[in-house]
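Enquirer: Here it is: the structure, laid out below.
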Amino acid sequence: MRTYVVSGGTAGMGRGLARHFLRRGDQVTIIGSDPAKGRRFLDEAARAGAGDRAAFVQADLTSVAENVRVIKEIAARHDARDGLVLTAMRHFPGRVVTPDGFEAAFALYYVSRMLLSYGLTGPLEKGGNPMIVNVCGVGVTKGRIHWDDLSLKNGFGPIKAVLQGGRATDLLGVAYTANHPGGRTRFLLHHPGFTDSGADSLGQPARTVIKVLARFFAQPVEKSIQPIIELMDDPPGRGLLAYDRRTPVDPSLPTLDPGDARRLYEQTAHLLRP
């Protein structure tokens with residue numbers, strides 16, 4: 001029996017992967033902000049006879065303190081972990097600044113994933129075939145890191161914020177593998193393509209537009225998670241893996257620049273200090 005942590009496991013691809021792990025007999029802890037969705041996941045697991053292998057941790061992952069609490073709680077439950085899946089994301093229609101001073105999309109899409117990745121490395125290194133899976137937009141080159149304005153005080157836009165978060169999480173994978181050259185834990189950056197993961201966090205009219213587009217063009221969650229499952233079960237290499245569905249992403253893309261990855265890591269590494 002393998003053990004997995006799924007950030008954003010109450011909806012979309014995170015929920016799909018968590019359900020897959022439970023069905024095949026693994027132990028799964030999901031992290032999410034909505035207690036009602038967490039309870040539904042636990043009730044579903046209990047009805048399937050997997051209640052003793054399912055756990056839910058409620059947390060607001062835009063908060064550094066909440067991430068630290070989650071890391072401690074998960075590390076205390078099991079000495080070893082086989083996988084960490086990072087899918088948590090939601091739409092912020094306006095500029096929201098967290099108590100830690102970060103723009104909210106940047107905090108959730110990058111800072112939280114950074115903290116969870118480094119904070120759970122110890123248990124992962126003790127796992128059988130450990131992997132961090134970062135569901136993101138790797139291979140997309142739109143957007144950039146606003147080095148002098150990470151919180152986007154000047155000229156905020158929702159799309160601008162999401163694109164910056166996406167480019168930051170790409171660099172997270174590059175920096176992580178560079179910082180653990182002898183580590184056993186692989187880091188997978190995975191672009192699933194347009195997936196019907198729901199649009200509950202969107203306001204109107206965006207929610208309706210996305211639902212209509214998803215109906216005609218998006219692939220279902222069950223299809224989107226299959227390449228991830230295959231890569232987790234049979235990794236094609238060590239260190240950093242980057243895939244757009246089943247196609248490897250060119251590691252020389254400017255969005256995967258090692259210098260930029262080091263620069264971003266150094267700007268935010270203080271978050272990892274006690």
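Enquirer: Looking at segment 95-109, which of its residues are over 13 Å from L61 (Cβ atoms), modelled with pLDDT of 95 or more and either surrounded by fewer than 24 Cβ atoms within 10 Å (Cβ to Cβ) or hydrophobic (A, V, I, L, M, F, W, C) (or both)?
Expert: Residues satisfying the conditions are R95, V96, V97.
Enquirer: If we keep just the residues of segment 11-38 that are among the β-branched types (V, I, T) and surrounded by 24 or more Cβ atoms within 10 Å (Cβ to Cβ), which is farthest from T87 (Cα to Cα)? Break it down stepwise before answering.
Expert: First, pick out the residues of segment 11-38 that are among the β-branched types (V, I, T): 28-31.
Keeping just the survivors that are surrounded by 24 or more Cβ atoms within 10 Å (Cβ to Cβ) gives 28, 30-31.
Numbers: V28: 14, I30: 11, I31: 10 Å.
Only one residue fits best here, namely V28.
Enquirer: Let me spell it out: the conditions are (1) out of contact with any Ser or Thr (no Cβ under 6 Å at 6 or more places or on another chain); (2) in a helix (DSSP H, G or I); (3) among the basic types (K, R), and R95 meets all of them except one. Which number is the exception?
Expert: (2)
Yes/no per residue for (1) buried (at least 24 other Cβ atoms within 10 Å of the Cβ); (2) of a type in the set (D, E):
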residue: R144; (1), (2): no, no
residue: D149; (1), (2): no, yes
residue: K160; (1), (2): no, no
residue: A168; (1), (2): yes, no
residue: L172; (1), (2): yes, no
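Enquirer: Taking segment 102-143 on its own, how many of its residues are among the basic types (K, R) and closer than 17 Å to P192 by Cα? Don't jump to the end; show me each part of the working.
Expert: First, pick out the residues of segment 102-143 that are among the basic types (K, R): 113, 126, 142.
The next check asks that each one be closer than 17 Å to P192 by Cα; those that pass are 142.
Total meeting the criteria: 1.
Enquirer: Something else about it: Tell me the residue from L84, L61, L42 that is in a loop (DSSP other than H, G, I, E, B) and modelled with pLDDT of 95 or more, please.
Expert: Result: L61 is the single residue among L84, L61, L42 that is in a loop (DSSP other than H, G, I, E, B) and modelled with pLDDT of 95 or more.
Enquirer: Also, I was wondering about something else. Mind checking whether some residue in segment 78-94 is under 19 Å from Y110 (Cα atoms) and exposed (fewer than 14 other Cβ atoms within 10 Å of the Cβ)? Step through it out loud before you land on a result.
Expert: At the first step, the residues of segment 78-94 found to be under 19 Å from Y110 (Cα atoms) are 83-94.
Okay, now just the ones that are also exposed (fewer than 14 other Cβ atoms within 10 Å of the Cβ), so 93-94.
Yes, segment 78-94 contains at least one residue that is under 19 Å from Y110 (Cα atoms) and exposed (fewer than 14 other Cβ atoms within 10 Å of the Cβ).
Enquirer: Then there's this: Looking at segment 170-188, can you tell me whether even one residue there is under 25 Å from V96 (Cα atoms) and small (G, A, S)?
Expert: no
Enquirer: Residue pairs, Cβ under 6 Å, 6 or more apart or interchain, first in segment 183-195 and at positive phi, second surrounded by fewer than 24 Cβ atoms within 10 Å (Cβ to Cβ) and of a type outside the set (A, V, I, L, M). List them.
Expert: G193/R245
Enquirer: Considering each of T10, T29 in turn, give the residue that is of a type in the set (S, T, N, Q), touching a helix residue (DSSP H, G or I) at 6+ places or on another chain (Cβ under 7 Å) and assigned to a strand (DSSP E or B).
Expert: Numbers: T10 fails: assigned to a strand (DSSP E or B).
When all the criteria are applied, what remains is T29.
Enquirer: Which of the residues belonging to segment 76-133 are among the polar types (S, T, N, Q) and touching an Asp or Glu at 6+ places or on another chain (Cβ under 8 Å)?
Expert: Start the filter on segment 76-133 by keeping residues that are among the polar types (S, T, N, Q), which leaves 87, 98, 112, 117, 121, 129.
Answer for segment 76-133, where residues must be among the polar types (S, T, N, Q) and touching an Asp or Glu at 6+ places or on another chain (Cβ under 8 Å): just N129.
Enquirer: I would also like to ask the following. Restricting to segment 120-162, what's the tally of residues that are farther than 15 Å from R184 by Cα, out of contact with any Lys or Arg (no Cβ under 8 Å at 6 or more places or on another chain) and outside any loop (DSSP other than H, G, I, E, B)?
Expert: Of the residues in that region, 5 qualify.
Enquirer: Quick check, is T208 at pLDDT 95 or above, surrounded by fewer than 17 Cβ atoms within 10 Å (Cβ to Cβ), more than 21 Å from S7 (Cα to Cα) and not hydrophobic (A, V, I, L, M, F, W, C)?
Expert: For T208, the condition - at pLDDT 95 or above, surrounded by fewer than 17 Cβ atoms within 10 Å (Cβ to Cβ), more than 21 Å from S7 (Cα to Cα) and not hydrophobic (A, V, I, L, M, F, W, C) - is not met.
Enquirer: May I pose another question? If you take the residues in segment 39-56 that are aliphatic (A, V, I, L, M) and over 12 Å from R23 (Cα atoms), which one is surrounded by the most Cβ atoms within 10 Å (Cβ to Cβ)? Write out each step before concluding.
Expert: The initial filter retains those residues of segment 39-56 that are aliphatic (A, V, I, L, M), namely 42, 45-46, 48, 50, 54-55.
Narrowing the set further to residues that are over 12 Å from R23 (Cα atoms) leaves 42, 55.
Working: L42: 16, A55: 20.
My answer is A55.
Enquirer: Now for a different question. How many of the residues in segment 245-274 are surrounded by 18 or more Cβ atoms within 10 Å (Cβ to Cβ) and among the charged types (D, E, K, R)?
Expert: 1
The values are calculated or read from the model by the stated rules, or taken from the named source; none is laboratory data. Everything quoted here is computed from the prediction, not taken from an experiment. All Cβ positions, even for glycine, are placed from backbone atoms using ideal geometry, and neighbour counts span all protein chains on display.
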